[in-house]
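Okay, so here's the structure we're looking at.
The values are calculated or read from the model by the stated rules, or taken from the named source; none is laboratory data. Fair warning: this is a prediction, and the values are worked out from it, not measured in the lab. Positions of Cβ are generated from backbone atoms using ideal geometry, with glycine treated the same way; all protein chains shown enter the neighbour counts. All accessible areas refer to the heavy atoms of the entire protein, side chains included, with ligands and DNA or RNA removed. Shrake-Rupley method; radii C 1.70, N 1.55, O 1.52, S 1.80 Å.
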Amino acid sequence: MPEPTQTAIQSFIDYLKFQKRYSLHTVRSYHDDLLQFFHYLELQFGNLPLNEINHSFIRSWLANMKENGISSKTINRKISTLKSFFKYLVKKGKLEQTPMSKVISPKTGKRLPDFIKPEDAGHLMDSVRNSDDWKSLNTKMLITIFYNTGMRLSELINLREEQIDFRKRQVKVLGKGNKERIIPVSAEIISVIKSYMDNKKGNFEHPDPVLLVTEKGKKMYPKYAYLIVNSFLTQQVKTLEKKSPHVLRHSFATHLSNNGADLNAIKDLLGHSSLAATQIYTHTTIEKLKDVYKKAHPKA
């Protein structure tokens, strides 16, 4: 890869980290996409200067991914990465124009989010056992908080004790782009959190200031939390296709929508930047209305 290209990539990555303040996970995805793209160009066309890259080279990469069975959703994400990268270079005066203007994103079928049925949710919460075993305590905390707050995985594992207001019964969450939002919680959830914190003080001499910690008193890492949730959902909910923390976030939002919660309120609770992202949670409400209509209307 030519040195000017490496420099341009690093400058863009620094921009995402320090100015856009994207999460490390998001920045890594951008970086990986760019490395894949330039590696493909190098193999197929040699070391091209940035100003010689046009839409034909980009389309060639996209076609290659399609041939290799990469999904339209993933291809669209990679297109988005290239759009952001070349737009940044134009803004910085490194390029006169972006080669992305003639690149069209493939259509993707809208996939409805996987969620737990309301009747299974009660059983799920009842199944979370009370135990002195630390892994079981973490299972209870993860399942309870994900389902009752709709937090993202990264938000929960980075949640600090000081972000919980016990008096007002609310949690201050730091979301994408370091945007703060307040999530109200019930007295029951506050009690569960307080009990966990008391246990933490009793079990560890110098625990991490984040709320959730591993058996060693260290900050929980994403794979640890994911595997606990995945294992629990696999045992308890057989009908789910996906069994990840995000399913509990989807369930939180879907159940709110089904029970008549305002879409703007759900948007704020989830930390979505636009209503378009929240719109998908109306799917079950519409399906429910169709079902009610079929059962109740004489002409249905």
For segment 254-271, pairs from a residue that is touching a residue at least 40 places away in the same chain (Cβ under 8 Å) and within 17 Å of residue 179 (Cα to Cα) to a residue that is open to solvent by less than 40 Å² (accessible area, probe 1.4 Å) and not in a helix (DSSP H, G or I), with Cβ under 7 Å and 6 or more apart or across chains, are 268/181; 269/150; 269/183; 270/150; 271/173; 271/175; 271/181
Which of (1) of a type outside the set (Phe, Trp, Tyr); (2) within 28 Å of residue 276 (Cα to Cα); (3) at pLDDT 95 or above does residue 75 not meet, given it meets every other one?
(3)
Any idea which of 157, 164, 193 is touching a strand residue (DSSP E or B) at 6+ places or on another chain (Cβ under 8 Å), crowded, with 19+ Cβ neighbours inside 10 Å and under 17 Å from residue 216 (Cα atoms)?
157
Search result, residues across segment 30-48 that are open to solvent by 30 Å² or more (accessible area, probe 1.4 Å), at pLDDT 95 or above and either of a type in the set (A, V, I, L, M, F, W, C) or within 17 Å of residue 176 (Cα to Cα) (or both):
30, 35
Can you tell me which residue is farthest from residue 25 (Cα to Cα) among those in segment 142-154 that are open to solvent by less than 30 Å² (accessible area, probe 1.4 Å) and not charged (D, E, K, R)?
144
Test of understanding: among 237, 185, which residue is within 18 Å of residue 139 (Cβ to Cβ) and open to solvent by less than 50 Å² (accessible area, probe 1.4 Å)?
237
Which is under 26 Å from residue 253 (Cβ atoms) and without any contact (Cβ under 8 Å) to a residue 40 or more places away in the chain, of 159, 174, 142, 211?
174
Within segment 261-300, restricting to residues that are at pLDDT below 80 and not in a helix (DSSP H, G or I), the one that is nearest to residue 184 (Cα to Cα) is 297
How many residues are of a type outside the set (A, V, I, L, M, F, W, C), surrounded by 11 or more Cβ atoms within 10 Å (Cβ to Cβ) and over 23 Å from residue 271 (Cβ atoms) when one looks only at segment 197-223?
9
Extreme residue, modelled with the highest pLDDT, among residues of segment 240-255 that are more than 15 Å from the chain's Cα centre (by Cα) and surrounded by fewer than 19 Cβ atoms within 10 Å (Cβ to Cβ)
241
